[in-house]
Amino acid sequence: MGKVEKKLQDMGIIIPDVPKPAASYIPAVQTGKLVYTSGQGSIKDGILVYKGKLGKDLTVEEGYEAAKISIINCLAILKGHLGSLDRVKRVVKLLGFVSSVPEFDQQPYVINGASDLLIKIFGEKGRHARSAVGTNILPFGTPVEIEMIVEVE
Amino acid sequence: MGKVEKKLQDMGIIIPDVPKPAASYIPAVQTGKLVYTSGQGSIKDGILVYKGKLGKDLTVEEGYEAAKISIINCLAILKGHLGSLDRVKRVVKLLGFVSSVPEFDQQPYVINGASDLLIKIFGEKGRHARSAVGTNILPFGTPVEIEMIVEVE
Amino acid sequence: MGKVEKKLQDMGIIIPDVPKPAASYIPAVQTGKLVYTSGQGSIKDGILVYKGKLGKDLTVEEGYEAAKISIINCLAILKGHLGSLDRVKRVVKLLGFVSSVPEFDQQPYVINGASDLLIKIFGEKGRHARSAVGTNILPFGTPVEIEMIVEVE
């Protein structure tokens, strides 16, 4: 088991199997040293753990947990692609969408659920650029969708 | 005529002229081996073929067709930039926005209109990472907007 | 003072200090020759200069100014990262989100506030690929959020 996965295990986080794409695409593509993941929702074992919109169905704390699940799915994809998460040299960029009612404007605090986890497990190389935006609806009712770009060794 | 364009022609698809940007930007920029296209709507000959929102004005099938038109516009841009679509080495990434009422959550099935076409014409190298998200409104009422990153030879 | 900054000064634009991230991320990450900025809103000195949604609270002209402020924040980040804006070799890509009521579909004219400024100060190398989309809400009520990819020397 790699260092990063050991750290995740110590935090009680088990990397799931690679999430099955919901449609005609694949989980990740590498070009040069960059790996792009597909957008991931807050799904576990094929079921949405959180569903609905921030500002109506979910609190910021629940959104934070949903973002954590989304990024764990991104990590599962990376592990599937790279063999080991220790091969991640740098987390480059996140783009995070938060399903929101038109008045909810705390998206950054939701996407922190993903960013905080990355910094905890990768340290300095987990620090990334990021955009967090709201939207009126996301696929199948997921409250959060996150895509990720990483640089690999 | 290149192989990829021949395949498109056999499917009855003619690559249009490069869509004229609606504003102060250009259709594509290359950096190293990556080409980034600007976001494309479901426009043909300067006119929106489909207009409106999923869940109200358009069925999923119509949205699927709209996504197909958007990606054909991305291909037109690539052809304009590269000379031939045969120079595409790999489709890396799509980001697809679907104009949706707040209850419509089937965005992946809409953006499949783009993904399915890419796989049909490029085969394995057409398989890509992707995010599909909803939004409340897109420019000029287009139901779909798609941007694309490809790796070139 | 670099050439690009001199040009900005002649236009009456002073590059501010690097905007402090609102959450757990950093302003920019470089991988190879590409620099990715985090998404920037229309904030100046820690305060939102424009707030609200296009089609309700702001005119297109005000949105255009808001986009200008967002891209100046991106430039501040780049200056902080690169030392001098003269090291920008090419503006590659913008992704611009516009907080909009569901009927407002003039997002491209809003994001032009960013694109026009880039072309004015960088000339040919300021020409970029771009997507402009609407959304129902953005962080803390910013009307515009823009992220940027540039290639550096």
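All of the numbers you see were taken from the coordinates with simple rules; none came from a lab. Keep in mind that this is a model prediction, so the values were computed, not measured. Positions of Cβ are backbone-derived with ideal geometry, glycine not excepted, and every protein chain shown enters the neighbour counts.
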Run the simple label-point estimate for B:Glu124 and C:Lys7 please: 7 Å along Cα→C-beta, distance reported in nm. 4.5 nm
Given label points at 7 Å from Cα along Cα→Cβ, what nm distances, shortest first, separate B:Gly2 from the same residue in every other copy? 3.4, 3.4
Modelled FRET efficiency - R0 45 Å, A:Lys89 with C:Val101, Cβ distances, 0.05 increments: 0.55
Quick one: putting +1 on the C-beta of Lys and Arg, -1 on the C-beta of Asp and Glu, what dipole do you get for the protein assembly as shown around its Cα centre, in Debye to the nearest 20? 1420 debye
q = 0.12, 0.20 Å⁻¹, region B:65-153: log10 I(q)/I(0) [Debye, one scatterer per Cα]: -0.35, -0.88
For helix C:107-122, what angle does its Cα long axis make with the longest principal axis of chain C, in degrees from 0 to 90 and rounded to 10? 20 degrees
Can you tell me the orientation of helix A:60-82 relative to chain A, as the angle in degrees between its alpha-carbon axis and the longest Cα principal axis, to the nearest 10? 30 degrees
Counting helices only, and only those DSSP H runs with n ≥ 4, report the 222 nm mean residue ellipticity of the protein assembly as shown as the sum of -39,500 (n - 2.57) divided by its residues, in deg cm²/dmol to the nearest 500. -10000 deg cm²/dmol
If the only charges are +1 at each Lys and Arg Cβ and -1 at each Asp and Glu Cβ, what is the size of the charge dipole of chain B around the Cα centre, to the nearest 20 debye? 480 debye
Between copies, how far does the label point of C:Lys44 sit from its twins, in nm, shortest first, when each point is 7 Å from Cα along Cα→Cβ? 4.6, 4.6
Mean-square fluctuation maximum in Gaussian network of chain C, Cα pairs under 10 Å, restricted to C:Gln40, C:Gln107, C:Gln30, hits C:Gln30
Loop-resident sites, region C:54-145, for GluC sites (Glu not before Pro), counting at most 12 other Cβ within 10 Å (DSSP): C:Glu103
Taking only Cα atoms of the protein assembly as shown, radius of gyration then Dmax in Å: 20.3, 58
Would you mind calculating the relative contact order of region B:3-152 from Cα pairs under 8 angstrom and at least 6 residues apart, reporting the percent as a whole number? 34 percent
Under a cut-off of 16 Å between alpha-carbon atoms, report the aspartates and glutamates in cross-link reach of B:Lys20, not counting same-chain residues fewer than 8 places apart. B:Asp45, B:Glu145, B:Glu147
Restricting the count to DSSP beta bridges whose residues both fall in chain C, what percent are antiparallel, rounded to a multiple of 5? 70 percent
How big is region B:3-152 in terms of Cα radius of gyration and Dmax, in angstroms? 14.3, 42
Pseudo-spin-label distance A:Ile47 to B:Val152, built 7 Å along Cα→Cβ, given in nm, is 4.9 nm
On the rotation axis linking copies B and A, which residue of B comes nearest by its Cβ, and by how many whole Å? B:Asn136, 2
Every other copy gets compared here: list the nm distances from the A:Gly32 label point (7 Å along Cα to Cβ) to its counterparts, shortest first, one decimal. 0.2, 0.2
Trypsin sites (Lys or Arg not before Pro), restricted to region A:23-82: which are DSSP loop and have at most 16 other Cβ atoms within 10 Å? A:Lys33, A:Lys56
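So which of A:Lys93/C:Lys79; A:Lys79/B:Lys7; A:Lys51/B:Lys120; B:Lys68/C:Lys79 end up more than 30 Å apart by C-alpha? List each step's numbers first, then the result.
Details: A:Lys93/C:Lys79 19 Å; A:Lys79/B:Lys7 35 Å; A:Lys51/B:Lys120 34 Å; B:Lys68/C:Lys79 40 Å.
A:Lys79/B:Lys7; A:Lys51/B:Lys120; B:Lys68/C:Lys79, as the Cα separations exceed 30 Å there.
In the protein assembly as shown, what percentage of the DSSP-assigned beta bridges are antiparallel, given to the nearest 5?
Percentage antiparallel, nearest 5: 70.
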The alpha-carbon center of region C:23-59 and that of region B:84-153 are separated, in whole Å, by 25 Å
